[in-house]
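Visitor: This structure is in structure tokens; I'll ask about it shortly.
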Amino acid sequence: GIYCLRHSVQCLVVDKESRKCKAIIDQFGQRIISKHFLVEDSYFSENTCSHVQYRQISRSVLITDRSVLKTDSDQQISILTVPGEEPGTFAVRVIELCPSTMTCMKGTYLVHLTCTSSKTARE
């Protein structure tokens, strides 16, 4: 996808039949073709937001002193998907970055845990 940062949106071009976004026109008059338009909900009225079904993500960021994967290499990125404990629960995605990625200090690992939320983060 394309992220257009520092572009003010002047208008959305919406398909009359499907009511889906086809493009945006930015502050320079440039037409940017797009199937999706993401924006923070504070840009919409309360009435508009009352009809929105939100999807949320639970996220945790950890600094650990050892890797999930035992290896001699110091050039690794680990990506895991841990299935939910019970049917109907969501899988947890784990991304672990080692010091060679320049995201954490030597001797530590940066771990991102994410999953789709259904209730609270703990649940």
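Visitor: When you go through Ser117, Ser78 one by one, which is the residue that is touching a residue at least 40 places away in the same chain (Cβ under 8 Å) and under 23 Å from the mean Cα position of the chain (by Cα)?
Guide: None of the other options fit; the residue is Ser117.
Visitor: Could you tell me which of the residues Ser73, Ser100 is modelled with pLDDT under 95, surrounded by 11 or more Cβ atoms within 10 Å (Cβ to Cβ) and either out of contact with any Lys or Arg (no Cβ under 7 Å at 6 or more places or on another chain) or not in a strand (DSSP E or B) (or both)?
Guide: Ser100
Visitor: Are there any pairs, at least 6 apart or on different chains, whose C-beta atoms fall under 6 Å, with the first in region 33-53 and farther than 21 Å from Ala23 by Cα and the second surrounded by 10 or more Cβ atoms within 10 Å (Cβ to Cβ), and if so, which?
Guide: Cys49/Asp41
Visitor: Residues of region 82-97 being surrounded by 12 or more Cβ atoms within 10 Å (Cβ to Cβ), at pLDDT 90 or above and not aliphatic (A, V, I, L, M), which ones?
Guide: Hits for region 82-97 are Arg93, Glu96.
The values are calculated or read from the model by the stated rules, or taken from the named source; none is laboratory data. Quick caveat, the model's predicted, so the values are computed rather than measured. Backbone-built Cβ (ideal geometry, glycine too); neighbour counts: all protein chains shown.
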